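The values are calculated or read from the model by the stated rules, or taken from the named source; none is laboratory data. The structure presented is a predicted model; accordingly, all values stated were derived computationally and were not measured. Here the Cβ is made from the backbone with ideal geometry for all residues, glycine too, and neighbour counts use every protein chain on show.
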């Protein structure tokens with residue numbers, strides 16, 4: 001299985017990009033009160049979450065799998081899990 005997520009390092013840029021998408025109507029209005037580091041919440045119910053390296057590790061440890069996790073270019077986190 002292959003998964004990807006945003007790196008925590010690009011939070012400001014990612015939030016700015018989502019705000020720009022919201023402004024032109026591609027996604028709903030951002031709920032600023034519920035949006036916090038790693039999670040973007042829109043008033044229409046849309047959510048975009050970030051999964052950290054430790055969260056990927058915890059997820060797969062429950063299944064007895066040790067994933068390979070790498071952060072690339074300070075922007076993306078990739079997780080490869082094999083059984």
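Summed over the range 1-12, the residues that are in contact (Cβ under 8 Å) with a residue 60 or more places away in the chain and either in a helix (DSSP H, G or I) or farther than 23 Å from residue 78 by Cα (or both) give a count of 2. When we screen 26, 15 for residues that are modelled with pLDDT of 95 or more and either assigned to a strand (DSSP E or B) or in contact with a strand residue (DSSP E or B) (Cβ under 7 Å, 6 or more places away or on another chain) (or both), the only hit is 15. Please go through the range 60-83 and give me each residue that is without any contact (Cβ under 8 Å) to a residue 40 or more places away in the chain, surrounded by 12 or more Cβ atoms within 10 Å (Cβ to Cβ) and assigned to a loop (DSSP other than H, G, I, E, B), ordered by number. Those that are without any contact (Cβ under 8 Å) to a residue 40 or more places away in the chain, surrounded by 12 or more Cβ atoms within 10 Å (Cβ to Cβ) and assigned to a loop (DSSP other than H, G, I, E, B): 65, 67.
Among the residues in the range 36-59, are any loosely packed, with under 13 Cβ neighbours inside 10 Å, in contact (Cβ under 8 Å) with a residue 60 or more places away in the chain and under 14 Å from the mean Cα position of the chain (by Cα)? No, the conditions are met nowhere in the range 36-59.
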